[in-house]
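Heads up, the thing below is written out as structure tokens.
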């Protein structure tokens, strides 16, 4: 194992211990109001737009200062970076700023991933989002360590400056996160969360390829997937805002377990992902298993143990299907596997609750109504 792998493995262990042992003890942050300027989705769009503008400026700088030759930087990087677009005359008239190369990405990458994660947490209810906000300093520390490790592993003339920028971002971002709202109290339906997260994940993958890796030349191939994903996301959120389906015991348990997973997984999320490609796969898999078990113990109704086996089996089959039918790209396969797991589990839970209702088992909604009438 390399030195980078050893540090990453240590980070995974520590971050997982914090996620499992510390985060559940944190009091969820209280909602800080509503409105478009309190919504993480608004600021996610702003940050992505800033990254997109920087890609245009990077292209102009490389065209004017380097004569369009990207080898000055790509020789330090793995394949798949700096596939620039042809801006034509625009590349001659835009300002040529050297700091647009790598430095802006170093400043904005942490805000992008934090805002996207918080957006998913909101869909699972204010408690889940509040726990993520409460853990923001742990999250920022864990993710910043990983980003800096990757920077050092890809050592180049910009590395030291980028690490300083990332450390500053690691302080600024958690200072600003509490200004955002945590959403409504009631979580959205499980299937809606799965579809929404998958659609958002596709958009984030496009941002990663086109903007984070400086591949503005790839923008064309992402137009259709991004447009479709945004349409699906908008439809899913519109439906979730206007329809609240009665939740049975299985769906309620699944939403609870998934909410705890998102909260507990937040701190070690980035270390685990990079552990899959930096020689620490076993550590990542063991840590991931611990997080899943901890989430189930906290969120799943222990009276539904038999159903849990069926739901997990369906989820694993859904994850395997998602991973097998997607491209050989780690991020794409992880997204497809996660979406497949949640969607398959949601369908099984919904079918199971329908069967329980047919057998006379009260739903969570009817139980709440009965308690209200008794008062």
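Counting only alpha carbon atoms, the long axis of helix 3-21 and the longest principal axis of the chain meet at about 30°.
For the chain, averaging the sequence separation of C-alpha pairs within contact (under 8 Å, six or more residues apart) and dividing by the residue count gives a relative contact order of 24 percent.
As I understand it, the value is the acute angle between the Cα axis of helix 190-207 and the longest principal axis of the Cα atoms of the chain; what does it come to in degrees, rounded to 10? Long axis of 190-207 versus the principal axis of the chain: about 0 degrees. If one takes the longest principal axis of the Cα atoms in the chain, at what angle in degrees, from 0 to 90 and to the nearest 10, does the Cα axis of helix 330-358 lie? That helix lies at roughly 10 degrees to the long axis.
By how many nm would the segment from residue 223 to residue 64 lengthen if fully extended, with 0.36 nm per residue of separation less the alpha-carbon distance?
54.5 nm
Between residue 285 and residue 90, the FRET efficiency estimated from the beta carbon spacing at R0 = 56 angstrom works out to 0.75.
For the stretch 267-294, the residues whose backbone nitrogen is under 20 Å from a point 7 Å from the Cα of residue 312, taken along Cα to Cβ, are 282-294.
Footprinting exposure proxy ranking of 233, 250, fewest other C-beta atoms within 10 angstrom first, gives 233, 250. Over all distinct alpha-carbon pairs, what is the Kirkwood Rh of the stretch 44-154 in angstrom? The Cα-based Kirkwood calculation yields 16.1 Å. What FRET efficiency would be calculated for the residue pair residue 184, residue 10, taking the C-beta separation as r and a Förster radius of 35 Å, to the nearest 0.05? Using R0 = 35 Å, I get an efficiency of 0.35.
Of the options [x] 1.27; [y] 1.32; [z] 1.05, only one is Cα Rg over 2.2 N^0.38 Å as computed from these coordinates, and that is [z]. Entry note, the chain: the mean residue ellipticity at 222 nm calculated from DSSP H runs of n ≥ 4, each adding -39500 (n - 2.57), is -23500 deg cm²/dmol after division by the residues and rounding to the nearest 500. Site pair residue 152 and residue 241 shows an inter-label distance of 4.5 nm when each label is modelled 7 Å from Cα along Cα→Cβ.
Fully extending the segment from residue 99 to residue 26 would add 22.4 nm, taking 0.36 nm per residue of separation and subtracting the current Cα-Cα distance.
Averaging the Cα positions of each part gives two centres, and for the stretch 1-17 and the stretch 131-193 these lie 18 Å apart.
Sequence-distant contacts, meaning Cα pairs under 8 Å at least 6 residues apart, place the relative contact order of the stretch 70-224 at 40 percent. Between 34, 136, 75, the Gaussian network model of the chain with springs among Cα atoms under 10 angstrom shows the greatest mean-square fluctuation at 75.
With 5 Å bins beginning at zero, the pair-distance distribution over Cα atoms of the stretch 221-348 amounts to 2, 10, 14, 21, 21, 16, 11, 5, 1, 0 %. What is the distance in Å between the Cα centroid of the stretch 287-340 and that of the stretch 196-235? Each part reduced to its Cα centre gives a spacing of 24 Å. Kirkwood Rh over alpha-carbon pairs of the stretch 186-265, then Stokes-Einstein at 4 °C and 1.567 mPa s: what D in µm² s⁻¹, rounded to an integer? Stokes-Einstein gives a translational diffusion coefficient of 91 µm²/s.
FYI, it's all coordinate maths here, none of it is from the lab. Predicted, not measured: the structure shown is a model, and the values here were computed from it. Positions of Cβ are backbone-derived with ideal geometry, glycine not excepted, and every protein chain shown enters the neighbour counts.
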